[in-house]
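Inspection log for the structure reproduced underneath, given as structure tokens.
What follows is calculated from the coordinates using simple rules that are stated; it is not laboratory data. Predicted, not measured: the structure shown is a model, and the values here were computed from it. Cβ sites come from the backbone with ideal geometry, for glycine too, and all protein chains shown count toward neighbours.
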Amino acid sequence: MEKLCNWEGKSLRDHYKDRTITYYLAKRGLKMESKAENLFKDKNLVFIATVMKDGAPQLSPVWADYEDGFIMVNTAEGRIKHKNVLNDPRVAVSVVSHDNPLDMTTVRGKVVEIIPDYDYVHINKLTKKYMGIENYPFKRKEEKRIVFKIKPEKIFVLPDLSMNQE
């Protein structure tokens, strides 16, 4: 069996003791580091976790980007994640590089604003990013698009690792 990572016999915990893990509170005025920003800006699928009324987590893959210190997640009105955010604005967002699954960032934060995207400007921007075409092709007749503006409160950035490290 091919070895994915060579940590020289160390446990994962010991391996991380030798590396710097970025884990900080954004509300202290610290900016998301460029590695994390780039993961959100690149063509990487993002996952958002919201809180159901019963407290259970709900997870969805979404298209997203990063603008002026906020994570911007596009969805449609009435979807379960929209209903959950109206009830509880706390979310967790995770993004993993499509080139290297060990290159990832996880953010905990709050939806501070829900922005209408009824003219499809934001979703068309994301369509260009993710699909390379100008217009969102999955438009439904009565669908109204919205954008969650998420303020990061806690950010975890995995240190630089790569598959098949020697």
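Some values worked out for this structure:
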| item | result |
| --- | --- |
| Pick from segment 74-101, criterion among the hydrophobic types (A, V, I, L, M, F, W, C) and farther than 12 Å from Asn44 by Cβ, ranking: nearest to the chain's Cα centre (by Cα) | Ala92 |
| Among residues of segment 69-119, those that are in contact with a Ser or Thr (Cβ under 9 Å, 6 or more places away or on another chain) and basic (Lys, Arg), counted | 4 |
| Conditions (1) within 11 Å of the chain's Cα centre (by Cα); (2) surrounded by 12 or more Cβ atoms within 10 Å (Cβ to Cβ); (3) free of Cβ contacts under 8 Å to residues at least 60 places away in the same chain; number of the one not met by Ile71 | (3) |
| Strands (runs of 3 or more DSSP E) lying entirely in segment 46-130 (those with 1 or more residues that are more than 21 Å from Glu153 (Cα to Cα)) | 70-76, 104-116 |
| Condition met for Thr127 (polar (S, T, N, Q), within 16 Å of Phe40 (Cβ to Cβ) and either crowded, with 17+ Cβ neighbours inside 10 Å or free of Cβ contacts under 8 Å to residues at least 40 places away in the same chain (or both)) | no |
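Table: residues versus (1) crowded, with 20+ Cβ neighbours inside 10 Å; (2) in contact (Cβ under 8 Å) with a residue 24 or more places away in the chain; (3) farther than 21 Å from Ala49 by Cα; (4) of a type in the set (A, V, I, L, M).
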| residue | (1), (2), (3), (4) |
| --- | --- |
| Lys83 | no, no, no, no |
| Arg108 | no, yes, no, no |
| Pro137 | no, no, yes, no |
| Lys154 | no, yes, no, no |
